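Contents: one structure, followed by commentary.
The values are calculated or read from the model by the stated rules, or taken from the named source; none is laboratory data. Treat the numbers as computed from the prediction; the structure is a model and nothing was measured. With ideal geometry, Cβ positions are generated from the backbone for all residues, glycine too; neighbour counts draw on all protein chains shown.
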């Protein structure tokens with residue numbers, strides 16, 4: 001490979017998704033220096049093997065007359081009782097898609113740790129072995145973070161003072177969300193587009209920005225307020241209120257759109273948090 005791949009590059013590709021911890025097939029292709037088409041073929045091949053070897057799918061149905069493996073969607077269209085097997089496959093692989101730099105949509109897969117292990121077995125060489133170790137370490141570290149966050153959240157829910165602080169914080173959170181809906185969204189939502197979905201994405205963007213400024217790290221399915229200590233909760237409450245005020249103040253600035261507003265708020269919050 002021409003590009004130098006670091007441990008930090010690999011850490012960024014292990015993400016919290018709806019399926020849990022996962023890595024995208026296009027990221028695997030980039031890290032290991034493979035074409036994405038080849039990685040897709042590897043994933044589909046592993047799906048077929050899973051269906052044949054572990055889930056009782058008829059082997060004759062999984063291969064064509066020339067012995068070439070059919071893809072999972074072809075199997076699904078020809079096998080009547082596949083629902084339970086597809087659910088099991090999702091423990092390893094999930095269909096997904098992404099938009100490239102030219103705005104074109106392409107298929108990709110999300111691979112869980114188990115799915116990654118299956119596909120990565122075929123990658124050989126010194127660098128590939130090193131990258132696989134980095135991936136194993138990162139999956140382990142983030143799995144530990146998830147477990148730790150859930151334990152902290154459970155503990156805090158049993159402390160009345162922490163419950164009260166979280167409830168106060170939720171009011172500040174709602175104020176921020178209301179400001180985003182009232183002042184930010186109208187600057188960017190296009191006619192005919194889903195305003196609720198645009199609002200959801202804007203809230204996610206502001207949340208990520210604030211969490212990054214405050215160095216708040218959470219795992220999928222864990223709310224920041226459930227794991228923060230008292231002083232951290234008060235700081236989050238303060239910054240969310242500040243963000244709300246900034247959105248309200250600057251949305252009327254000259255030539256303002258939602259992207260410029262976001263950047264303006266980001267700069268002001270960075271100054272505020274110094």
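Going through 21, 42, 50 one at a time, which residue ends up being assigned to a helix (DSSP H, G or I) and either within 23 Å of residue 129 (Cα to Cα) or not assigned by TED's automatic domain parsing to the domain that holds residue 117 (or both)? Give the derivation first.
Values: 21 fails: assigned to a helix (DSSP H, G or I); 50 fails: either within 23 Å of residue 129 (Cα to Cα) or not assigned by TED's automatic domain parsing to the domain that holds residue 117 (or both).
Every option except 42 fails the conditions.
Screening 122, 101, 144 for residues that are under 30 Å from residue 235 (Cα atoms) and modelled with pLDDT of 75 or more leaves exactly one candidate, 144. When residue 129 is tested against (1) assigned to a helix (DSSP H, G or I); (2) within 21 Å of the chain's Cα centre (by Cα), exactly one condition is not met: (2). Do we find that residue 73 is more than 25 Å from residue 4 (Cα to Cα), surrounded by fewer than 18 Cβ atoms within 10 Å (Cβ to Cβ), modelled with pLDDT under 80 and more than 16 Å from the chain's Cα centre (by Cα) in this structure? In short, yes. Within the span defined as segment 209-229, one or more residues are exposed (fewer than 13 other Cβ atoms within 10 Å of the Cβ), outside the structural domain of residue 16 (by TED's automatic domain parsing) and modelled with pLDDT of 80 or more.
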